[in-house]
Amino acid sequence: MRHSWTLTKVRMRLALRNRAFLFFSLVFPLVFLFLFLGLFTRGNVSAVPYMLASVLALTIMGSFWGLSMQLVTFREQGILRRFRIAPVGAGAMLASSIASNYLLTLPTVFIEFTLARHLFHMREWGNLWGVFILVTLGIITFASLGLIVASVTNTAQETQVINQLLWSAFLFLSGATLPLPMLPGWIQSFALFMPATYLVVGLERVLIAHVGAYAIRAELLSLAVCAAIAFAVSQQLFRWEPESKVPRSAKLWAASAIIPFVLLGIWETSYGHVRSTATTDFMSTVQQAAPRTRGRLRMMPESDAPPSTAPPDADSSDAPK
Amino acid sequence: MTVPIIDVHNLTKSYGAVQALRGVSFSVDEGEVFGLLGPNGAGKTSTVEILEGLRPPDGGLVSVCGLDPQTSGNAFKQEIGAVLQSTALPDKIRVNEALTMFASFYTRHRETDGLLKRFGLEEKRNAFYSQLSGGQKQRLALAMSLVNEPRVLFLDEPTAGLDPQVRREIYDIIEELKHEKKTILLTTHYIEEAERLCDRVAIVDQGRVIAYGTPRDLKQRAAGTSRIELRLARPEPEEALRGLEGVADCRATDGLYLMHSTRVPQTIVSLVKYLEAQGNELAGLEIAAPSLEDVFLELTGRRLRD
């Protein structure tokens, strides 16, 4: 525990000295914030919580990227093997990855929240306790997924490719950038099997419907179980040496991290409420925003919805039937 | 009878089809500087990394400070220090941070300011690792390896790739440690390093220990012979030079003739006569006392740097 904390402090300092880290963990999320809240809400205060949920989700999901790259680079450069000689275990190294990531992401989340409230005039804070738990579990889960990526890749280049694929899926198929109800039905079905979706929908619920942690217990539980499995698996697969390659069984082990979301996805497909609550939250945002945006926005689920807040160039033909 | 602090018996290790170690055995006493000398690929790093607990052996018995490196975990790591051959630190870590961080991992540790001073890194204490020269990085690695006051110190090619000036600085540091009676296992392919620093040496070649003893004892093998290195204006057949008076053997590499002679004056006289008869001339001549290089050459038929 003491070693984890020492490593966490050092790794935080290293991150703060890294310009690329500062750009991607602070500047980049704030660009998203100004883009989503400034451009897409167009002054509609009621749309701010909805967009803030997306921005927070993107900030949290970004955790896995830098973490996996750093760990793989440390391994490639022979830095990890220097730690291996010392009485430092894989658990301490991995825990410090998650802890430093968490402590470095929290300020960005806080800044985003504060700007949303004071600069973009978000009317209420939402359920702050729920937000805190979701943000915490979200960062830990996505950081743990980063550990899994680092476990199953040998080089920084490979890591980059896997990260790109995962990031694209998280970005476009979870409701983080395009609202879930606007996506085609098959993508919505697929989204039910992705951790990112539960993070996005959970954040929408605590920010828009102001529900507490209990109401999103399924989402929280799946994130927690996913994080626990991912951490245990990555500890199992941890490699200190640059030349030690991924064992064949590693990918199967790694895949086990998504078991909670496979189970949740199956349950959601049959009995779940995620799609309906996502639609409700989206519709309530659209309806509240409608009077100010009438005639300007075209994107919405066709049914009975009035004109809505959404990216002006989105195509309504993608709307679910 | 003292119990050796490092005991290696019949160590074997393979990487796929390549047999890196084929039954390596040796022991190191407490307070001794022991060298593993051999060419690249001889199995030195494999041996030392097994002793550090970084690699599991395929077979054989290993004991360091009475512990098995593979199964003793952190208790073992508390007892050893190491300068690894291929390792690094994060570019943006400061010298003092690195030292303090590693010190904090151990139950027994030295005061880091003293180490910075001793290794001439005081002025660089706030410098980033990426800003250090090769010699400074190696001095930091040595300082870090001593941070826990280890009972055994492993130095894997500590001067490889360093320029002669920096190499001498590192030699001075290792000699200081030697005077402090620190137990050191050193791997090297530099003859002068082994001769200057080591109390005892095991010469390793192709995964085997081919000779074992003090540098002086090992050189006794070549006793009675001197090494003659010569360059000629025109090449001559090795057989002809081997036939000169007193010559025990002769090999030519890149225009350099390396001969061993039991009677140097007679060899030189007959060499000059032979060259005159051939209309050839000496371009260079050097006579030296036998070194560990000669022992290696005698045992393997190859030079260490071949």
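The values are calculated or read from the model by the stated rules, or taken from the named source; none is laboratory data. Note that the coordinates shown come from a computational prediction; the quantities given were computed from them, not determined experimentally. Cβ atoms come from the backbone with ideal geometry, glycine included; neighbour counts cover every protein chain shown. Only protein heavy atoms, including side chains, enter the accessible area calculation; ligands, DNA and RNA are left aside. Shrake-Rupley method; radii C 1.70, N 1.55, O 1.52, S 1.80 Å.
Taking the stretch B:62-97 as the search range and keeping residues that are β-branched (Val, Ile, Thr) and not in a loop (DSSP other than H, G, I, E, B), which one is farthest from residue A:3 (Cα to Cα)? Among residues in the stretch B:62-97 that are β-branched (Val, Ile, Thr) and not in a loop (DSSP other than H, G, I, E, B), the one farthest from residue A:3 (Cα to Cα) is B:62. Here residue B:77 passes the criteria (1) charged (D, E, K, R); (2) open to solvent by less than 60 Å² (accessible area, probe 1.4 Å); (3) away from chain A (no Cβ under 13 Å) except the one numbered (3). Residue by residue through the stretch A:76-88, note down the ones that are out of contact with any His (no Cβ under 7 Å at 6 or more places or on another chain) and either open to solvent by less than 10 Å² (accessible area, probe 1.4 Å) or in a helix (DSSP H, G or I) (or both). Answer for the stretch A:76-88, where residues must be out of contact with any His (no Cβ under 7 Å at 6 or more places or on another chain) and either open to solvent by less than 10 Å² (accessible area, probe 1.4 Å) or in a helix (DSSP H, G or I) (or both): A:76, A:78, A:79, A:80, A:81, A:82, A:83, A:84, A:85, A:86, A:87. Of the candidates A:41, A:73, A:136, A:114, the single residue that is modelled with pLDDT of 90 or more and either crowded, with 20+ Cβ neighbours inside 10 Å or within 14 Å of chain B (Cβ to nearest Cβ) (or both) is A:73.
Put simply, of B:272, B:204, B:264, B:247 the only residue that is of a type in the set (Val, Ile, Thr) and under 25 Å from the mean Cα position of the chain (by Cα) is B:204.
Is it true that some residue in the stretch A:238-248 is in contact (Cβ under 8 Å) with a residue 24 or more places away in the chain and under 18 Å from residue A:142 (Cα atoms)?
Within the stretch A:238-248 (the criterion being in contact (Cβ under 8 Å) with a residue 24 or more places away in the chain and under 18 Å from residue A:142 (Cα atoms)), the answer is yes, since at least one residue qualifies.
Summed over the stretch B:159-177, the residues that are closer than 19 Å to residue B:215 by Cβ and buried (at least 17 other Cβ atoms within 10 Å of the Cβ) give a count of 6. The condition of being at the interface with chain A (Cβ under 9 Å from one of its Cβ atoms) and open to solvent by 10 Å² or more (accessible area, probe 1.4 Å) does not hold for residue B:126. Looking at A:166, A:119, A:171, just one residue is touching a helix residue (DSSP H, G or I) at 6+ places or on another chain (Cβ under 9 Å), of a type in the set (A, V, I, L, M), surrounded by fewer than 22 Cβ atoms within 10 Å (Cβ to Cβ) and more than 28 Å from residue A:238 (Cα to Cα), and that residue is A:119. Cβ-Cβ contacts under 6 Å between residues 6 or more apart (or on different chains), taken from a first residue in the stretch A:1-22 that is free of Cβ contacts under 8 Å to residues at least 40 places away in the same chain and within 9 Å of chain B (Cβ to nearest Cβ) to a second residue that is open to solvent by 40 Å² or more (accessible area, probe 1.4 Å) and outside any helix (DSSP H, G or I), are listed as A:14/B:92; A:17/B:92. Is it the case that residue A:251 is open to solvent by 30 Å² or more (accessible area, probe 1.4 Å) and in contact with a Lys or Arg (Cβ under 9 Å, 6 or more places away or on another chain)? Answer is no for this residue. Would you call residue B:82 out of contact with any Gly (no Cβ under 7 Å at 6 or more places or on another chain), without any contact (Cβ under 8 Å) to a residue 24 or more places away in the chain and farther than 25 Å from residue B:219 by Cβ? Taking the combined requirement at face value, the residue does not satisfy it.
Can you find a residue that is away from chain A (no Cβ under 13 Å), open to solvent by 10 Å² or more (accessible area, probe 1.4 Å) and outside any helix (DSSP H, G or I) anywhere in the stretch B:101-111?
yes
Checking B:193, B:236, B:245 one by one, the residue that is assigned to a helix (DSSP H, G or I) and of a type outside the set (Ser, Thr, Tyr) is B:193 and no other. Do we have residue B:274 as more than 30 Å from residue B:46 (Cβ to Cβ) and in contact with a helix residue (DSSP H, G or I) (Cβ under 9 Å, 6 or more places away or on another chain) here? So residue B:274 fits the description; yes.
Among the residues of the stretch B:213-248, what is the count of those that are of a type outside the set (Val, Ile, Thr), in contact with a Lys or Arg (Cβ under 7 Å, 6 or more places away or on another chain) and surrounded by fewer than 20 Cβ atoms within 10 Å (Cβ to Cβ)? Residues that pass the stated criteria total 3. The selection criterion, being away from chain B (no Cβ under 12 Å) and at pLDDT below 90, does not hold for residue A:94.
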